[in-house]
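Take a look at the structure below.
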């Protein structure tokens, strides 16, 4: 089918997308309703097609074993576990994943029956270790912002006085 379509339609493209679509629609009509197929004993696909008696109701939600932690990823591909965000993958954003605990800090990530890899969580004591450093960095950033906009309690050096002092020496 694809070889026939490439030979008959794609080798001589139309002037614009609408005209090309019209050519493809005409080709599909002939392929399915007019042209007999050797593989179908000289019949057309339309002669043999029968719609399914079952209706499609969409994909079933994933089910995971009871010992899995089930989470829905945010649209940016992150999951919130024990108060922290962890990146799993943007392509999986919005999906329900299963997390299988391997040990205290490692979890296997499952999407239905697909093993997506392992996720390593930070130990709880890391917060106590990092918090003082983060507070120092935050304090330093706050000091820098305040001094750059002329905070009333932070006296900026008067550049003219500095120049005069340098010239006197």
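Points worth noting:
- Of the residues making up the range 5-18, those that are surrounded by 11 or more Cβ atoms within 10 Å (Cβ to Cβ) and more than 20 Å from residue 44 (Cα to Cα) are 10, 13, 14.
- Checking each residue in the range 23-43 for being exposed (fewer than 12 other Cβ atoms within 10 Å of the Cβ) and within 35 Å of the chain's Cα centre (by Cα) picks out only 25.
- Filter pass, residue 98 being surrounded by 10 or more Cβ atoms within 10 Å (Cβ to Cβ) and at pLDDT 90 or above: yes
- When residue 59 is tested against the conditions (1) at pLDDT below 90; (2) surrounded by 14 or more Cβ atoms within 10 Å (Cβ to Cβ); (3) closer than 30 Å to residue 106 by Cα, the lone failure is (2).
- For the range 67-79, filtering for residues that are closer than 13 Å to residue 107 by Cβ and either surrounded by 12 or more Cβ atoms within 10 Å (Cβ to Cβ) or modelled with pLDDT under 90 (or both) leaves 5.
The values are calculated or read from the model by the stated rules, or taken from the named source; none is laboratory data. These numbers were taken from a predicted model, which means no experiment stands behind them. Cβ coordinates were reconstructed from backbone atoms using ideal geometry, including for glycine residues, and neighbour counts include every protein chain displayed.
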